[in-house]
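Report on one structure; see the data block that follows.
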Amino acid sequence: MSPWTNTAAAAGTWQLGDLTVNRIGFGAMRLTGAAPFGGGVPRDRERSLGVLRRAVELGVNHIDTAAFYFSATRSANELIDRALAPYPEDLVITTKVWPGRDSSGAWWWAAPEQLRGQVEENLRQLGRDHLDVVNLRVPPSGRTGSIGEHFGVLAELREAGLVRHLGVSNVTSGQLAEARAIAPVVCVQNPYGIGASSEDRALLRHCGELGVAFVPFFAIAGSGREAGPAAGDGEAVRAVARAHGVSVAQVRLAWTLQQGPHVLAIPGTGDPDHLAQNVAAGALRLSEEEMARLTSLRPADA
């Protein structure tokens, strides 16, 4: 399997509402820097622009971003606009609101009445008159509470035409049900990968039953989360990679995609070689035995 010839279409497609996307997409967070959420040393600007353009050439038509993905000198949204506008007709850009960062990089969380401002900020940065998909990104402290007031504001913005489709991120099954009672939900974006908990697996299956896309983040990074892949990968994952002559990251992506046809992937990178490998992972098929072996891993062994 050559990492240079496979395109994002090899993994198949899924519908985000009325929008068709290839199941291998691209996450823009790492374009602005290597540290959590884009802080730290900025990547070379021209290289980041080139990675975005190459992603589209390889068939990627689903890009995940956020206004809070920025470093001292780089903004993911601005890079996307500069690299890809005028946008291809089939390109779907997904963003997220509720978290925000001020000019110093400090985090803040929007009150419901501030969400419209965050949506408009994304519109300005991306040069769009509407957003394809907006995810309500629930704060870690909010996973036990109601999201109805915040999601209700997004539903109003959808009715007003500023947003085409809505999703939720970092949610529980109860919060997904609460959101769906207010407005249609086309995707759930939650952390997920090899070593996922039984609760996470149940939510992924539930999304499949509902026909809702499940979009894992940290599928490659695993326990390393925003900082990137953890220092060591489990021997089981490395063994599967050796057997197929591919990278560990490709195995993790292939395993994720084989969780169900409704599962999308949004791996991010600022490296053109890694980009090509990530996209090629959509053509990698793991055997039932390999899938079972990796699925049985506990987080510490993954």
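Below, the figures for the structure above:
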read-out: Highest average packing first - 285-296, 16-27, Cβ atoms within 10 Å; value: 16-27, 285-296
read-out: Built amide H within the under 5 Å cut-off of G25, gap 5+; value: A265, I266
read-out: Note, ³J(HN,Hα) from phi for the stretch 162-178, Karplus 6.51, -1.76, 1.60, rounded to Hz, x at Gly and Pro; value: 7, 10, 8, 9, 10, x, 10, 9, 6, 10, 9, 5, x, 5, 4, 4, 4
read-out: Packing-based order for 202-208, 242-248, 66-72, using average beta carbon neighbours within 10 Å, highest first; value: 66-72, 202-208, 242-248
read-out: Residue order, fewest to most beta carbons within 10 Å, for D90, D64, D200; value: D90, D200, D64
read-out: For the stretch 48-58, 3J(HN,Hα) per residue [Karplus equation, 6.51 cos²θ - 1.76 cosθ + 1.60, θ = phi - 60°, Hz, x = Gly/Pro]; value: 5, 4, x, 5, 4, 5, 5, 4, 5, 4, 7
read-out: Potential lengthening between R242 and D271 on full extension [0.36 nm per residue; Cα-Cα distance subtracted]; value: 8.2 nm
read-out: Amide H contacts under 5 Å for F217, placed H, 5+ residues apart; value: N190, Y192
read-out: The stretch 116-191: trypsin sites (Lys or Arg not before Pro) falling in loop per DSSP and having at most 13 other Cβ within 10 Å; value: R143
read-out: Quotient of C-alpha Rg and 2.2 N^0.38 Å, computed over the chain; value: 0.94
read-out: The stretch 84-102 and the stretch 250-275: distance between their alpha carbon centers, rounded to Å; value: 19
read-out: Value of relative contact order over the chain, rounded to a whole percent, pairs C-alpha under 8 Å and six or more apart; value: 21
read-out: Modelled FRET efficiency - R0 41 Å, E199 with Q114, Cβ distances, 0.05 increments; value: 0.85
read-out: Residue-wise HN-Hα coupling along the stretch 149-155, computed from phi with Karplus coefficients 6.51, -1.76, 1.60 (Hz; x: Gly, Pro); value: 5, 5, 5, x, 5, 5, 4
read-out: Point-to-point label distance, H206-T295, nm (Cα→Cβ direction, 7 Å offset); value: 1.9
read-out: Two-decimal Rg/Rh across the stretch 75-126, once Rg and the Kirkwood Rh are taken from alpha-carbon atoms; value: 1.02
read-out: Cα point-scatterer Debye curve for the stretch 12-126, base-10 log of I(q)/I(0) at q = 0.14, 0.18, 0.22, 0.24 Å⁻¹; value: -0.58, -0.94, -1.26, -1.38
read-out: H165 long-range amide H proximity, modeled H, under 5 Å; value: V133, V134
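A short reminder: the numbers here are calculations on the coordinates, not readings from a lab. Computed from a predicted structure; not experimentally measured. Heads up, the Cβs are rebuilt from the backbone with ideal geometry, glycines too, and the neighbour counts pull from every protein chain shown.
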